[in-house]
Every structure is written in C-alpha cells, then in structure tokens.
Amino acid sequence: MASMATLLSKTSFPSHSLFKTFDTHFAPPIRVNVAIGTKARTNQRLRVSSGLIEPDGGKLVELVVEESKRDLKKGEALSLPRIKLSKIDVEWVHVLSEGWATPLGGFMREREFLQTLHFNSLRLNDGSFVNMSVPIVLAIDDDQKHRIGESTKVALFDSKGNPVAILKDIEIYKHLKEERIARTWGTTAPGLPYAEETITNAGNWLIGGDLEVIEPIKYHDGLDHFRLSPSELRDEFTKRSADAVFAFQLRNPVHNGHALLMTDTRKRLLDMGYKNPVLLLHPLGGYTKADDVPLDWRMKQHEKVLEDGVLDPETTVVSIFPSPMHYAGPTEVQWHAKARINAGANFYIVGRDPAGMGHPVEKRDLYDADHGKKVLSMAPGLERLNILPFRVAAYDKTQGKMAFFDPSRPQDFVFISGTKMRTLARNKESPPDGFMCPGGWKVLVDYYDSLALSSNGKVPEPVPV
C-alpha cells in the first residue's frame with residue numbers, strides 16, 4: 001500500500017461598506033431572497049471565473065524577517081525587555097507570521113481589538129472592511145508591564161528561552177477579560193475551554209504592535225511538512241491550474257460522510273462550469289480541548305483515508321491550519337473562513353454547528369446549529385467567499401453506506417455524531433460497515449488504546465460537540 005508521502009507527492013505537496021445592505025452569498029446557483037428592513041434583495045447567479053481569490057487587502061502580510069537579517073534580530077532581541085510566550089501564544093505568532101490574519105501586521109492594538117470585539121471586522125485605510133471576528137492578542141501581567149517601562153519594543157521568547165520575535169511600536173492597554181469572553185462566546189459561563197486556558201488567569205494588560213518573526217515557526221513533530229503557509233498553498237493551487245478551491249476544515253477524523261460531502265461538492269463545482277476544482281482538506285492544528293483527538297493521530301487517520309482511496313490525492317491538498325480553536329461557534333467560523341480566503345480558497349464548506357460545542361454548564365448546545373452557516377452568508381468582509389452549506393449525510397441502513405439523508409424515509413438512517421464515534425472507538429466497538437474506511441477506524445481505536453495504556457489509565461470523557 002502506498003505511503004502517505006508517496007500519495008501526497010503526486011499532489012506536489014508542498015471594497016465593501018459595513019453600512020450598505022448586502023446579499024447572502026451561498027454558492028449554489030439559485031436565487032435567494034433575503035429580507036433586510038422592508039426590502040428583499042436577490043443575489044445574482046454565481047459567476048464562474050478563473051484565478052485565485054485575492055488576499056484581504058490585496059496582498060499577503062508575511063512577517064518573517066529575511067534570512068540575512070536573522071542573526072541581527074536575534075542579537076537585538078537579547079537586548080530588549082522579554083515576554084515569555086505560552087504554547088498558544090506561539091501558535092498565534094505562527095498564524096500572524098504566515099499571513100493567515102492578513103492584513104494584520106502583529107498582535108492587535110486597542111483600535112483593532114475593539115473593532116474585532118464590536119464589529120467582527122477591521123476598517124482598512126481606504127475605508128473598506130475585512131472580516132476579523134476573534135481577537136489575536138498577547139496578554140501580559142503587571143510585573144511584565146512594569147519591566148517594559150518606556151521601551152517601544154519587546155522581545156518574545158518561547159518556553160525554552162529561544163527568541164521568537166520582536167514586537168515594536170508597542171501599545172499596552174487594559175485586558176477587559178469579561179467583555180472579551182462575553183462578546184466572543186456570547187456567555188461568561190465557566191468551563192469554556194479556550195477562555196479558561198488563555199484568558200481567565202492571564203495578565204490584566206494586552207500588548208500590541210508590529211511583529212518581526214525571527215525564523216519560520218517549526219514544531220519538529222514530524223508534521224511540519226504539512227504546515228503549508230498561505231503563500232505555499234497559493235503556489236500549489238496555481239501549479240495545479242485550479243480554477244476553484246473549496247476548503248473543508250475539521251478537527252475530527254474523516255469518515256465516509258465527510259468524503260461523500262467533499263466529492264459531491266467537487267461534482268457540484270464541475271456542474272457549475274469549473275474545470276479543475278481542488279479540495280483543501282485543512283485540519284486545525286493549534287490548541288484543541290482535552291477530549292479531541294490529537295493532531296498527530298488525526299493526521300495518521302487522514303493518511304489511511306488517502307491510502308484507501310476514499311479521497312482522490314490528485315484533486316486534494318492536505319495541509320494543517322495552525323490556528324488555536326476557540327469553540328466560539330458563529331463568531332469563530334468567520335475567522336476560519338476569512339483565513340482560507342488568504343490561502344486562496346473561494347469556496348468554504350460549512351456544516352451543522354461549526355466551531356460549536358456543548359454548553360459548559362447546561363445540557364444543551366451552546367449555539368443554534370444553523371446560525372454558523374447563516375452568519376457566514378451575511379458576514380461583512382466575507383462577501384467574496386462562496387459558502388457551501390452541508391447536505392446532511394447519515395448512515396443509510398438500506399445501502400450499508402453513508403448517504404445524503406432522505407427525509408421521506410427517516411427510519412432508514414442512523415446519525416453517528418462525533419461524540420458517538422469517539423465513544424465507539426474508545427470501547428473498541430465497530431461502527432456500521434461503510435461508516436469509515438477500515439484503516440482509518442483502526443487508527444482511531446489505536447489512539448484510545450494508547451490512552452488506556454498510559455500511566456494513569458484514564459481516558460478523557462467525551463465533551464458533547
């Protein structure tokens with residue numbers, strides 16, 4: 001059986017005003033009426049065009065310094081006040097350095113932070129808007145603020161004492177934690193994973209400024225070759241002569257329902273008149289909550305999916321998206337979509353409750369399952385992106401495989417949630433034949449076996465998502 005490296009080598013891996021009315025931008029070539037005030041606006045039919053979509057602001061903002069200047073910047077960093085970065089902070093430096101958050105040039109200053117919290121967008125110098133729905137900020141405590149003093153620059157170091165970046169022309173402002181949490185998640189209930197990991201016990205100040213990243217961020221975990229930057233992805237799509245790029249983000253193993261959705265999406269794009277639509281299969285690679293399957297195991301599982309021919313490596317690019325996960329539902333899914341524009345995607349697949357999770361206190365979903373796709377279809381700054389809503393897939397008992405749900409015969413379908421999938425694998429129970437390729441399922445079972453054999457023998461309980 002071909003290795004993943006072999007399969008992937010075949011794929012050469014590597015101005016809108018906020019105040020005007022806007023139309024929905026679902027991709028299917030149908031007419032959609034949207035009531036806004038007393039009027040109904042009708043969107044036009046999707047226009048087929050060639051060439052990659054431009055990054056927000058027209059140009060990728062990449063923040064890694066030239067190789068010839070790196071030693072000089074390392075020496076400068078040693079002379080500056082220091083801020084020690086957490087693992088998640090480094091992930092955000094990675095995101096910023098490669099241009100995923102274009103047009104941001106560093107950690108947010110207060111003006112950018114407030115626009116993000118209150119408007120989910122940033123105003124550019126020409127008066128146009130780009131989407132930005134989650135704050136990308138760096139917290140410091142009182143002692144760090146005191147040590148910085150009057151300096152206009154600080155050096156950012158990782159947990160091993162290595163200089164990572166210089167932050168210049170800095171601005172320090174209050175970290176309004178409660179407001180940040182409330183506006184990002186729509187609740188201040190305890191138990192929000194990202195908030196408890198990075199905000200609740202963080203410093204009382206935020207520091208923003210222009211970022212100079214000394215070297216490309218690497219993790220040395222055997223997966224760095226999958227971490228393609230927006231620029232590298234754009235080169236790959238151009239090399240393939242892609243006239244459409246459709247992005248699919250996931251943080252769970254790929255099952256055959258996902259594969260059905262992705263192959264059906266490509267067929268829909270071909271039917272629309274595109275000649276060579278390419279799939280960007282883009283698992284999230286930053287922070288995830290404790291009971292999610294870790295990235296290295298997910299990548300092993302994706303390897304088996306490609307090896308077993310569930311997805312076509314000729315029309316699929318697999319890469320890791322370096323962003324941490326907020327689990328902030330309709331707010332966060334805008335960030336996920338916006339970042340893929342910067343990587344060249346002009347179509348984004350969105351499903352039920354994207355970026356959502358169960359309420360941390362009450363026994364219910366934190367967000368309405370349909371709000372994510374509705375918000376994406378109307379979000380300021382995302383007008384150029386075509387939204388592809390999921391068709392609901394479930395296990396069809398009559399066919400013995402995953403199929404699109406037929407509401408005329410609901411008794412024939414079984415819905416297997418991500419929580420149910422993880423529970424089956426943890427208990428070494430097999431899913432129905434046709435739910436997932438055998439090799440991919442074995443990886444999932446092996447992962448939970450590895451947890452059971454760990455020193456404490458405890459397996460994390462699934463959190464509803």
Sorted by chain and then number, the residues having a modelled amide H within less than 5 Å of the amide H of Val350, at least 5 places away or on another chain, are Leu388, Phe390
Between the stretch 276-311 and the stretch 372-443, how many Å separate their Cα centres? 15
Take Lys374 and Ser450, extend 7 Å from each Cα along the Cα→Cβ direction, and tell me the distance between the two endpoints in nm. 4.1
Filtered hits (lysines, Cα-Cα < 17 Å from Lys304, offset >= 8 within chain) -> Lys10, Lys442
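Calculated FRET efficiency, Lys275 and Asp235, Cβ-Cβ r, R0 30 Å, to nearest 0.05? It would help to have the intermediate numbers written out before the result.
Details: r = 19 Å, r/R0 = 0.65.
E(calc), rounded to 0.05, equals 0.95.
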Stretch gain in nm, segment Glu110-Arg409, where the contour uses 0.36 nm per residue and the Cα spacing is subtracted: 102.2 nm
What is the calculated FRET efficiency for Lys442 to Asp142, with r their C-beta to C-beta distance and R₀ = 45 Å, to the nearest 0.05? 0.30
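Determine the calculated [θ] at 222 nm for the chain from helices alone, applying -39500 (n - 2.57) to every DSSP H run no shorter than 4 residues and normalising by the residue count; nearest 500 deg cm²/dmol. Before the final figure, lay out each step's value.
Values: 14 runs with 145 residues, N = 465.
Computed ellipticity for the chain at 222 nm equals -9500 deg cm²/dmol.
Probe of 1.4 angstrom, ligands and nucleic acids ignored: what's the accessible area per residue over the chain, in square angstrom?
Numbers: 20740 Å² over 465 residues.
On a per-residue basis, the chain sits at 45 Å².
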Provide the convex hull volume over Cα atoms per residue for the stretch 317-360, in Å³. 92
What are the ³J(HN,Hα) couplings of the stretch 78-89, residue after residue, when phi is run through the Karplus curve with 6.51, -1.76, 1.60 and θ = phi - 60°? Round to Hz, x for glycine and proline. 5, 9, 9, x, 10, 10, 8, 8, 7, 4, 5, 4
nm² value of the averaged projected area, convex hull over the Cα atoms of the stretch 144-265: 12.1
Only residues of the stretch 308-336 count here: report those whose backbone N is under 19 Å from the spot 7 Å along Cα→Cβ of Glu215, or say none. none
Where labels lie 7 Å past Cα in the beta-carbon direction, separation of Glu66 and Lys160 in nm: 2.8
Rounded to whole Hz, the Karplus (6.51, -1.76, 1.60) HN-Hα couplings of the stretch 188-193, x for glycine and proline: 10, 4, x, x, 6, x
Normalised by the empirical 2.2 N^0.38 Å for globular proteins, what value does the Cα Rg of the stretch 244-291 take? 1.36
Unit charges at the beta carbon, dipole of the chain: most positive-side option, Met421, Leu306, Tyr274: Tyr274
Computed ³J(HN,Hα) along the stretch 334-348: with the Karplus parameters 6.51/-1.76/1.60, θ = phi - 60°, integer Hz and x for glycine or proline, the list is 5, 4, 4, 6, 4, 4, 6, 4, 5, 8, x, 7, 10, 10, 9
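If you wrap the stretch 67-213's Cα atoms in a convex hull and average its projection over all directions, what's the area in nm²?
Numbers: hull surface 37.3 nm².
Projected area, direction-averaged: 9.3 nm².
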How big is the chain along each principal axis, measuring the range of its Cα positions in Å and listing the largest first? 71, 62, 48
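Calculate what fraction, in whole %, of the accessible area of the stretch 73-163 sits on carbon and sulfur atoms when a 1.4 Å probe is rolled over the protein chains.
Values: 1780 of 3890 Å².
For the stretch 73-163, the apolar C and S fraction of the accessible surface comes to 46 percent.
Pairs Lys87/Lys177; Lys87/Lys145; Lys300/Lys397; Lys87/Lys373; Lys145/Lys177; Lys84/Lys168: which exceed 23 Å Cα-Cα?
On the way: Lys87/Lys177 20 Å; Lys87/Lys145 20 Å; Lys300/Lys397 28 Å; Lys87/Lys373 31 Å; Lys145/Lys177 17 Å; Lys84/Lys168 16 Å.
Beyond 23 Å: Lys300/Lys397; Lys87/Lys373.
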Size of electric dipole in the chain: Cβ of Lys, Arg +1 and of Asp, Glu -1, about Cα centre, debye, nearest 20: 1000
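Express the carbon and sulfur contribution to the solvent-accessible surface of the stretch 290-438 as a percent, rounded to the nearest whole number, probe 1.4 angstrom.
50
Using only the heavy atoms of the protein chains and a 1.4 Å probe, how would Glu91, Glu383 rank by accessible area, largest first? Before the final figure, lay out each step's value.
Details: Glu91 5, Glu383 45 Å².
My answer, sorted largest first, is Glu383, Glu91.
Where Rh is the Kirkwood radius over the Cα pairs of the stretch 59-123, the temperature 10 °C and the viscosity 1.306 mPa s, what D in µm²/s does Stokes-Einstein return? Mind dumping the intermediate values first?
Working: Rh = 13.7 Å.
In µm²/s, the coefficient rounds to 116.
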14 Å Cα-Cα reach of Lys239 towards aspartates and glutamates, excluding residues that sit fewer than 8 places from it in its own chain: Glu314
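Pulled fully out, how much extra length does the chain show between Ser417 and Glu362, if you take 0.36 nm times their separation in residues and subtract their Cα-Cα distance?
Result: 17.9 nm gained on full extension.
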Could you give the nm distance between label points at Ser151 and Thr398, where each point is 7 Å from its Cα heading toward the beta carbon? 7.0
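The values are calculated or read from the model by the stated rules, or taken from the named source; none is laboratory data. Keep in mind that this is a model prediction, so the values were computed, not measured. Virtual Cβ from ideal backbone geometry, glycine too; neighbours counted across all protein chains shown. For the accessible areas, the whole protein counts, side chains as well, though only heavy atoms, and no ligand, DNA or RNA atoms are used. Shrake-Rupley method; radii C 1.70, N 1.55, O 1.52, S 1.80 Å.
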